[in-house]
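To start, the structure under review is shown below, and the notes come after it.
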Amino acid sequence: MNRQVLICRSFLEDPKITQRELSELLKTSLGTTNALIRECTEAGYLAEKQVTEKGMEFLAPYKVDRALIFAAGFGSRFVPITYETPKGLVEVYGEPMVERQIRQLHEAGIRDITIMVGYMKEKFEYLTDKYGVKLLYNPEYATKNTLSTMYHAIPVLAGKNCYILNSDNWLRENLYHGYEGDAWYAAAYSEGDTAEWQFQFDKKSRRITETFPGGRDCWYMYGPAYFSREFSEQFLPVLKLYYEMPGTEQYYWEHVLMEMLNGQAKRRCTAYFGRIRGMEEWKHINMCVNCQEKDVIYEFENVEALRQFDDRYNHHSGSEAMELVSRVFSVPESEIREIRCLKAGMTNNSWLFSVKGKHYICRIPGEGTEKLINRREEKEAYEAVRPLDITDELVYFDADSGYKISAFYEDSRNADARDQADMEACMGKLRKLHGSGIRVGHDFDIWERINYYEGLCGGEIPFADYAEVKAGAEELWRRLSALDRPKTIAHIDSVPDNFILLPGAEISETERDPEKIRLIDWEYCGMCDPLIDVSMCAIYSFMNEEQADGLLRMYLEGEPKAEEREVFYAYMALGGLLWSLWGVYKEKLGVQFSDYTIKMYRYCKDYCRKIEKLYRM
């Protein structure tokens, strides 16, 4: 590290600092520290331990220009708090973590601060007025990792000396300064094994020579980093190349650093782009390790870790979901344990927890759900089918908020659309439902829903041929309505993930026990043609025509009649239009589902054309 910069910076910040204090700060011997002070004095940077005008000229290129704070991610390990609050705005000892870091930057004289936002971006807007920060949106935060975040921040970094912070770090001591000698990455020491990325570095210069995941008794990446303009000049062009290469979507920006150091970056980029000017210098990229004492930097992995640090979270986390569970089970929040995020659903968010040794799932309605789901009708459906013993075990259901708590089935699994035995059992479950004679007081009118979802989109439908496609679907709906088909209770949301196979459901490779299958999530349930459930299962599973036809035969336990095949295809087409509009609306709210929307739209077009061809409408 450039120790002359550190010497001058230290005397600039505290003219009364002693040589011994400097030695502890620089982690050098007292003799080495005194020699460095003499060097700076002889160079004219110091006079009687005061920074001279020449010293200020020497420091000028090392002045920190700005800071960039990463705050775009969801923070899945911090649920349920992050369903309501971005992790960086979670309070520790009464202060949001990101605010503490902004304040520490201000104390170091750094006012040019950009926050990279994504998830719940609006929650950070108040910081602009309170601290004068700028917000920069990462449009790929939901689908890519921090390599993408860094790519979108290149205009902030290029040509500047810049700190890189994570909004969810908590620093006991202020690590920021007005001047920095070299690019660095903060590090903590692991006694024993760690899964974090360890550093190999030159002990004298502290220059990083290698970094890789995992290690033992080592220094590892932990906390903020600092990019000098010289480092960024080398690093950012390579990061840009990585961003443009396929297969790097889930890379951290640190992957680029690792592969520049070990030579892999040169090989990878040459293979994809050909030889690039300046490539021979990549392995000489200069970043140092900034070793910190224990308990200086904190990164809370989950709620349990935060509880150990801030006792408030044992009693009152401020999370509506945690307060609900505490109230339902009559326990303090500290007894809600083993918290983790489940895979986010299309409509809702869910998290797993335990109380008194038993596991439960709490469902939290997703963005815009209040306009998509009638929770009173959902509750009616649960109550109606209770005698069949085919649903999940409800502990709590609020028809106003949509919050639901249900028992978690240990060692269970979701049905697999590729497993014939699974799907035959699921179709048997649907036959049991449809043949039960149970009725609810509302219909599921797919055409009414299509028009309703279209209205929610507010005319902002991105498909160029939407008017033509909808006209074809409407003609199909008229034909379907004229058939005067029977109505039964229908689940509607019969995606394989909603069929839960309990332990012991596998009787053999080709048979499943129907009594050990549960059908969950009855949000869209209503009276409808029973074949809609088979059609929905087919498109939710992204089945091709051959697979879909096989599913229909499973349900009917034989070959379909011409009308049954037509109805099945019609609901695949109408379902595709329905869920594509549903996806457009959710995306309008900022919720991304990859290519789900266009896949559903394609089902609509393909099966409208198929029916037209088969039956010459």
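One table, with the values for the structure above:
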| quantity | calculated |
| --- | --- |
| Extended-chain gain in nm, criterion 0.36 nm per residue less alpha-carbon gap, residue 413 and residue 557 | 49.3 nm |
| Relative contact order %, the chain, counting alpha carbon pairs below 8 Å whose residues are six or more apart | 10 |
| Relative packing of peptides 38-50, 459-471, 538-550 - highest average C-beta neighbours within 10 Å first | 538-550, 38-50, 459-471 |
| Eligible lysines near residue 610 by straight Cα distance, threshold 21 Å, same-chain separation 8 or greater | 470, 561, 599 |
| With Cα atoms, 0 to 90° folded angle of helix 3-13 axis to the chain main axis | 90 |
| C-alpha long axis of helix 320-329 to longest principal axis of the chain, angle in ° | 60 |
| Alpha-carbon centroid distance for the pair the stretch 166-186 / the stretch 535-605, whole angstrom | 52 |
| Per-residue [θ]222 nm for the chain (sum of -39500 (n - 2.57) over DSSP H runs n ≥ 4, rounded to 500) | -12500 deg cm²/dmol |
| Nearby lysines by direct alpha-carbon distance to residue 613 (threshold 16 angstrom, same-chain neighbours under 8 apart not counted) | 605 |
| Rounded to the nearest 20 debye, dipole of the chain from Cβ charges on Lys, Arg, Asp, Glu | 1380 |
| Positive dipole terminus of the stretch 265-380, leading residue within 288, 276, 357 (C-beta point charges) | 276 |
| The stretch 3-59: radius of gyration over Cα atoms, expressed as a fraction of 2.2 N^0.38 Å | 0.98 |
| Relative contact order for the stretch 412-615, counting Cα pairs under 8 Å that sit 6 or more residues apart, in percent | 28 |
| nm² value of the averaged projected area, convex hull over the Cα atoms of the chain | 33.2 |
| Between helix 375-385 and the chain: long-axis angle, C-alpha atoms, 0 to 90°, nearest 10 | 50 |
| Antiparallel DSSP beta bridges within the chain, percent to nearest 5 | 75 |
| Residue 370/residue 479 FRET efficiency (R0 25 Å; Cβ-Cβ; nearest 0.05) | 0.15 |
| Formal net charge of residues neighbouring residue 290 (Cβ-Cβ distance under 10 Å; K, R +1; D, E -1) | -1 |
| In the stretch 168-220, GluC sites (Glu not before Pro) in a DSSP loop with at most 13 other beta-carbon atoms within 10 Å | 173 |
| Calculated diffusion of the stretch 182-296, Stokes-Einstein form, Kirkwood radius summed over Cα pairs, 37 °C and 0.692 mPa s, µm²/s | 222 |
| Estimated FRET transfer efficiency (residue 20, residue 293; beta-carbon r; R0 22 Å; 0.05) | 0.85 |
| Signed unit charges on C-beta, dipole axis of the stretch 3-59, positive-most listed residue 33, 59, 47 | 33 |
| Modelled label reach - residue 27, point 7 Å along Cα→Cβ, the stretch 205-224 residues with backbone N closer than 17 Å | 205-212, 216-224 |
| Calculated FRET efficiency for the pair residue 589/residue 189, C-beta based, R₀ 56 Å, to 0.05 | 0.80 |
| Proximal lysines relative to residue 27, as straight alpha-carbon distance under 21 Å, when same-chain residues fewer than 8 apart are discounted | 16, 49, 203, 204, 294 |
| Hull shadow area, averaged, the stretch 412-615 [alpha-carbon convex hull, nm²] | 11.7 |
| Protection proxy ranking, peptides 503-510, 525-532, average beta carbon neighbours within 10 Å, highest first | 525-532, 503-510 |
| Relative packing of 56-62, 581-587, which averages over residues the other C-beta atoms within 10 Å, highest first | 581-587, 56-62 |
| In the stretch 491-568, trypsin sites (Lys or Arg not before Pro) in a DSSP loop with at most 13 other beta-carbon atoms within 10 Å | 561 |
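Bear in mind these aren't lab numbers, they're just calculated from the coordinates by the rules spelled out. Model, not experiment: these values are computed from the prediction. So basically every Cβ, Gly included, is an ideal-geometry build from the backbone, and we count neighbours across all protein chains shown.
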